[in-house]
């Protein structure tokens, strides 16, 4: 058995424009600052949230449900932070 | 819904370009979209506006300049333009070797970027797009013939 803890949570993308432009930039920035690697998945495609190209490849639009996941001791905290970010309106984020 | 395969034509593929800076590169990208009749000339101005407000750098040596949300009305038809800069362009501290300019309606924009991003995420395809001297290869990589696999067994829509 692995001692690694996997945390996974679903969230609806709140940003009006979906996950690109400013919202995607905000997600990439936050993901790079989190203590563990956070992944975002949609329709079976799971990508590293630290990469803009990977995020764009998801094609996540406003109202789409995505799955946020992370592993390790900091997983719960990291997933909660990313879920909160995705559930907020990032359209005006800078 | 338009696919990337429908969006890139040979006239919009420019290899061996040089640009003084990223705004010059975006200007050239806008001109390419105007030249093929995909957008109103004012869309090119909106691309500059978008670039000034937020860099369109996406990683792997690529930028994807496009207009502001408000400028979508200036899009006549969905299209891409490909501009390669073999000497590189300083993109707000990042090294950009190719731009894929996007003209898309609000409905298409996210799916076009998704398809494009999946091509650019392939290291071999990305490297070839950054370095090829053959415009046909760009078309083959960004506008490939529909694959005959399980995902495309539905009849192709014809207009």
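What follows draws every value from the coordinates through simple rules; no lab data is involved. Note that this is a predicted model, so its numbers are computed, not measured.
When the Gaussian network model of chain B links Cα atoms closer than 10 Å, the mean-square fluctuations of B:63, B:126, B:73 top out at B:73. Dividing the convex hull volume of the alpha carbon atoms of the stretch A:6-86 by its residue count gives 68 Å³ per residue.
The relative contact order of chain B, computed from alpha carbon pairs under 8 Å that lie at least 6 residues apart in sequence, is 29 percent.
What does DSSP give for chain B in terms of the percent of beta bridges that are antiparallel, rounded to the nearest 5?
Percentage antiparallel, nearest 5: 70.
Rounded to two decimals, the Cα radius of gyration of the protein assembly as shown over 2.2 N^0.38 Å is 1.02. Averaging the Cα positions of each part gives two centres, and for the stretch B:24-48 and the stretch A:51-94 these lie 32 Å apart.
Considering only B:142, B:74, B:33, the mean-square fluctuation computed in a Gaussian network model of chain B, springs between alpha carbons under 10 angstrom, is largest for B:74.
For the stretch B:1-134, the calculated P(r) over all alpha carbon pairs, in 10 Å bins from 0 to the bin holding the longest distance, is 14, 49, 34, 3 percent.
Its relative contact order, with pairs defined as Cα atoms under 8 Å and 6+ residues apart, puts chain A at 45 percent. Across B:29, B:143, B:104, mean-square fluctuation computed from a Gaussian network of chain B (C-alpha pairs under 10 Å connected) peaks at B:143.
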